[in-house]
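Enquirer: This is the structure, below, for whatever I ask next.
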Amino acid sequence: MRRALLTGSILLVGTTLLWGTSFPAIKYTVTRIGPLTYVWVRSLIAAAGLSPYLAYAALRGRPLRASLEGGLATGVAFAVGLWLQGWGTRYTTASNSAFITGLNTVFVHIYTAIVERDYSPGLAASLAMALAGLYLLTRPEGGLGLGDALVLLGAVAWAAQIILVDRYARGSDPVAFTFAEMLPSIALALPALAVEGPPRLDPGLLLVLAYLGLACADAAFILQVMGQKRVPPALAALIFLLEPVFAAVFSAALLGERFTGGQLAGMALIIAGIAASEEAYRPRGARG
């Protein structure tokens, strides 16, 4: 059981690493095109990237129905979260967006405590430690503006996405699941064309969207499905708090940004909270 938990955690760290590179790309994208257009174009690229595998699997006669149905259900939460996060990030700072998005962890823990009744004081302490670290790392500013409120609603949708992956991932084909998860977002093309008009995509913007679709969506969500087959949602949500840690590391490496002492302390607290949660978790039964 512990070995499966470790394997799943490593896969989820890979997911989080890819997500951590997305915030600057999202900020760049939603200042060039509308949030609805951003969502459906990104998701169309992601689905197109996985379609050859779906064709191959269909020719081989692999049973994919359950994976596709679970992916579609999860994709609704994904589409809402992606849209709200992109829309909100347009009107707030990247640091505020990163901190508020991380609050999805709180909603997952509330669900685990109330609905699954599988919670402990140790997990609560791990959550408090990691959130304190998130605050120190991202240094959010000001009050709750429009952009912040939209990102917070997106965080609720992201929490639902984590919970739904936990519900449907076991026994599913991760690639087929991820392909189906992208499809509901493509449906936003109709309102996007009506509200925001036809997209104007120059080569640079297309390159950024391709990265968001193929790396931050396809690769990241395939790893998420594989990881959450082994890791319960409360622990998975804490691991996902590494996203702003990786975002800060990439910003330092690529943009020359320097860490403050508070940010370094925040990173340490997030990592310590995740490590403590792994020790605090006492599974009721084997997973995956």
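Each value in this text was obtained by applying a stated rule to the coordinates, not by laboratory testing. A quick note: this is a predicted structure, and the numbers were derived from the prediction, not measured. Glycine also receives a Cβ, built like all others from the backbone with ideal geometry; neighbour counts cover every protein chain displayed.
Enquirer: Could you tell me which of Tyr119, Val195, Trp40 has its Cα farthest along the dipole of the chain towards the positive end, charges placed at Cβ (Lys, Arg +1; Asp, Glu -1), taken about the Cα centre?
Expert: Tyr119
Enquirer: Same structure again: Go ahead and set up a Gaussian network model of the chain, Cα springs under 10 Å, then flag whichever of Tyr135, Tyr53, Tyr119 fluctuates most.
Expert: Taking springs between Cα atoms under 10 Å, the residue moving most is Tyr53.
Enquirer: Taking N as the number of residues in the range 61-199, what is its alpha-carbon radius of gyration divided by 2.2 N^0.38 Å?
Expert: 1.19
Enquirer: Further question on the same structure: Could you work out which residue, out of Thr21, Thr112, Thr74, moves most in a Gaussian network model of the chain, that is, has the largest mean-square fluctuation with Cα springs under 10 Å?
Expert: Residue with maximal mean-square fluctuation among Thr21, Thr112, Thr74: Thr112.
Enquirer: Would you kindly derive the ³J(HN,Hα) couplings of the range 76-93 from the backbone phi angles with the Karplus curve 6.51 cos²θ - 1.76 cosθ + 1.60 (θ = phi - 60°), listing them in order in whole Hz, with x for Gly and Pro?
Expert: Once θ is set to phi - 60°, the couplings for the range 76-93 become 5, 5, 4, 4, 5, x, 5, 5, 5, 5, x, 5, x, 4, 5, 10, 9, 7 Hz.
Enquirer: Through the Karplus equation 6.51 cos²θ - 1.76 cosθ + 1.60, θ set to phi - 60°, convert the phi angles of the range 130-138 into ³J(HN,Hα) values in whole Hz; use x for Gly and Pro.
Expert: 5, 5, 4, x, 4, 5, 5, 6, 8
Enquirer: A follow-up question, please. Which cross-chain or sequence-distant (5 or more) residues have an amide H under 5 Å from the amide H of Leu103, H modelled 1.01 Å from N in plane?
Expert: Those qualifying (amide H under 5 Å, at least 5 residues apart or on another chain) number zero.
Enquirer: Can you pull the semi-axes for the range 1-141, root of five times each eigenvalue of the Cα gyration tensor, sorted largest first, whole Å?
Expert: Square roots of five times the eigenvalues give 29, 25, 14 Å.
Enquirer: Across all directions of projection, what mean area in square nanometres is found for the Cα convex hull of the chain?
Expert: Orientation-averaged projected area of the Cα hull: 15.1 nm².
Enquirer: Something else: Please check: in the Gaussian network model of the chain (C-alpha springs, under 10 Å), which one of Arg230, Arg170, Arg200 has the largest mean-square fluctuation.
Expert: Arg200
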